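Peer 1: Here you go, one structure.
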Amino acid sequence: MIPAQFVLVAAAISLVGCLSYARDTLRGETNPNLVTWSLFALEGLLSFAIERQQHIGWASIMTLMLGVCPLIVCAASFKNPQAVWKLGRFDLLCGGISLLGLVTWPLMSGTVALVAFVAADTMAALPTLRKSWIEPMTESPGAFFAGAVNGFITLLTLKSFTTAGALFPLAITIMDFVIAMVAYTHVGLQWRQGETARRAE
């Protein structure tokens, strides 16, 4: 375990990644999926409010950044609406399921409620994961690498590795890292190009 105050370092890293993503959005170099980013903002701020009520402590800083950073990205997308990714059926389906999870989440309790919330957050991330696979050039992987570091450092600050404390930051760490790697390596694009080449043989 590392000192809890290290979440401030993690939050700073996350903020830098977010600001770079917003900058790329303003330049039109990145096209954020607003289903993902708006739901990330809603879920992050909701979680932060609840964690403050429950006196979670330093770990809630990570959750705050999960709400504030997407808000910054959404604001940048409104400033440059031409940079916004065009939404399709898959995006709207994932967004609807995620919202459904958020609506039913307060009706549950304990671990079941936490799992429902994490599932809602994962569904919100899927449109951007799909976009990173299809059009990796429209993403800025640095923001997701920063988010993964934020979650990982938060995990290291936990005094005990419990489901309640670890599930959410663990899910964030894994999903952000996967999106970052898919966008950075262009693996989806390379796979499709390979498939096209094999069919042409």
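Each reported figure results from applying straightforward, stated rules to the coordinates on display, with no laboratory input. Being a predicted model, the structure only gives us computed values, none of them experimental. Counting neighbours? That spans all protein chains shown, and the Cβs are built from the backbone with ideal geometry, glycine included.
Peer 1: Quickly run through the range 140-189 and pick out the residues that are of a type in the set (Val, Ile, Thr), in contact with a helix residue (DSSP H, G or I) (Cβ under 7 Å, 6 or more places away or on another chain) and in a loop (DSSP other than H, G, I, E, B). Break it down into steps so the answer makes sense when it comes.
Peer 2: Of the residues in the range 140-189, the ones of a type in the set (Val, Ile, Thr) are 149, 153-154, 157, 162-163, 172-174, 178-179, 182, 185, 187.
Applying the additional criterion that residues be in contact with a helix residue (DSSP H, G or I) (Cβ under 7 Å, 6 or more places away or on another chain) yields 149, 153-154, 157, 163, 172-173, 178-179, 182.
Passing the criteria: only THR157.
Peer 1: Only one of LEU71, LEU107, LEU93 is free of Cβ contacts under 8 Å to residues at least 40 places away in the same chain and over 24 Å from ASN31 (Cα atoms); which?
Peer 2: Numbers: LEU71 fails: over 24 Å from ASN31 (Cα atoms); LEU93 fails: over 24 Å from ASN31 (Cα atoms).
LEU107 is the lone residue from the list that is free of Cβ contacts under 8 Å to residues at least 40 places away in the same chain and over 24 Å from ASN31 (Cα atoms).
Peer 1: On to the next question. When the range 5-39 is examined, which residues are found to be assigned to a helix (DSSP H, G or I), in contact with a Phe, Trp or Tyr (Cβ under 7 Å, 6 or more places away or on another chain) and β-branched (Val, Ile, Thr)? Reasoning before the result, please.
Peer 2: If we filter the range 5-39 for residues that are assigned to a helix (DSSP H, G or I), which is where we start, we get 6-27, 34-39.
Then drop every residue that is not in contact with a Phe, Trp or Tyr (Cβ under 7 Å, 6 or more places away or on another chain), which leaves 7, 17.
Hit for the range 5-39 is VAL7, nothing else.
Peer 1: Sticking with this structure for a sec: In the range 167-179, is there at least one residue being buried (at least 18 other Cβ atoms within 10 Å of the Cβ), touching a residue at least 60 places away in the same chain (Cβ under 8 Å), among the aromatic types (Phe, Trp, Tyr) and more than 18 Å from CYS18 (Cβ to Cβ)?
Peer 2: yes
Here's the yes/no breakdown for (1) within 12 Å of the chain's Cα centre (by Cα); (2) surrounded by fewer than 23 Cβ atoms within 10 Å (Cβ to Cβ); (3) under 16 Å from LEU170 (Cα atoms); (4) touching a residue at least 60 places away in the same chain (Cβ under 8 Å):
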residue	(1), (2), (3), (4)
THR36	yes, no, no, yes
SER47	no, yes, yes, yes
LEU66	yes, no, yes, yes
TRP85	no, yes, no, no
THR122	yes, yes, yes, no
ALA125	yes, no, yes, yes
